[in-house]
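The values are calculated or read from the model by the stated rules, or taken from the named source; none is laboratory data. Only a predicted model underlies this, so the values are computations on that prediction, with no experimental measurement involved. Neighbour counts are summed over all protein chains in view; Cβ atoms, including those assigned to glycine, are modelled from backbone coordinates with ideal geometry. The protein model used for the area step is the full one, side chains on, heavy atoms only, and it has no ligands, DNA or RNA in it. Shrake-Rupley method; radii C 1.70, N 1.55, O 1.52, S 1.80 Å.
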Amino acid sequence: QVHLVESGGGLVQPGGSLKLSCVASGTIFHINSMGWYRQAPGKQRELVANIIGERGTNYADPVKGRFTISRDNAANMVYLQMDSLKPVDTAVYYCNADIRAYSHEFYKNYWGQGTQVTVSS
């Protein structure tokens, strides 16, 4: 069984920073992509940023230049450094990963439980 657990959410003022962390645990043979999605009230879940393989990164246009995604493969962790936060960034942030639990299995997609980020004065 594989689990993704996020941490680091909270309340921050506009212009402030937060760093989200996500750790994958359980039976893990290999992790391909790891990333972050977010879902604001009344809106669909959307990609924020992800890392595919070792170095390929993708960012949603609204966060480019403000958010930075990084990954620690040895620790099975992914991070999201969020700077210059705006009220529109308020959402539940979810960790997502494509993980192969055993060498003979295909990759499966997993989600964390989410962590709330609120940007407000």
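Details
- Charge dipole of region 1-114 about the Cα centre (unit charges at C-beta), most positive-ward option of His3, Val88, Thr68: Val88
- Point-charge dipole on Cβ atoms (K/R +1, D/E -1) for region 1-118, about Cα centre, debye to 20: 160 debye
- Scalar couplings 3J(HN,Hα) for region 111-119, obtained by applying the Karplus form with A = 6.51, B = -1.76, C = 1.60 to θ = phi - 60°, are 10, x, 7, x, 9, 7, 10, 10, 10 Hz; x denotes Gly and Pro.
- Loop chymotrypsin sites (Phe, Trp or Tyr not before Pro), region 1-39, which have at most 15 other Cβ atoms in a 10 Å radius of their Cβ (DSSP): Phe29
- For the chain, carbon and sulfur atoms together expose 49% of the accessible surface, with a 1.4 angstrom probe and every protein chain in place.
- Contact order normalised by residue count of the chain, Cα under 8 Å, 6+ apart, percent: 37 percent
- Ordered by solvent-accessible area of protein heavy atoms (1.4 Å probe), largest first, the residues Val88, Val117, Val5 come out as Val88, Val5, Val117.
- Anisotropy class of region 47-121 from Cα gyration tensor, a/c 1.5 cut: prolate
- The chain - accessible surface per residue (Å², probe 1.4 Å): 54 Å²
- The order of Asp89, Asp61, Asp72 by accessible area, most exposed first and with a 1.4 Å probe, is Asp61, Asp72, Asp89.
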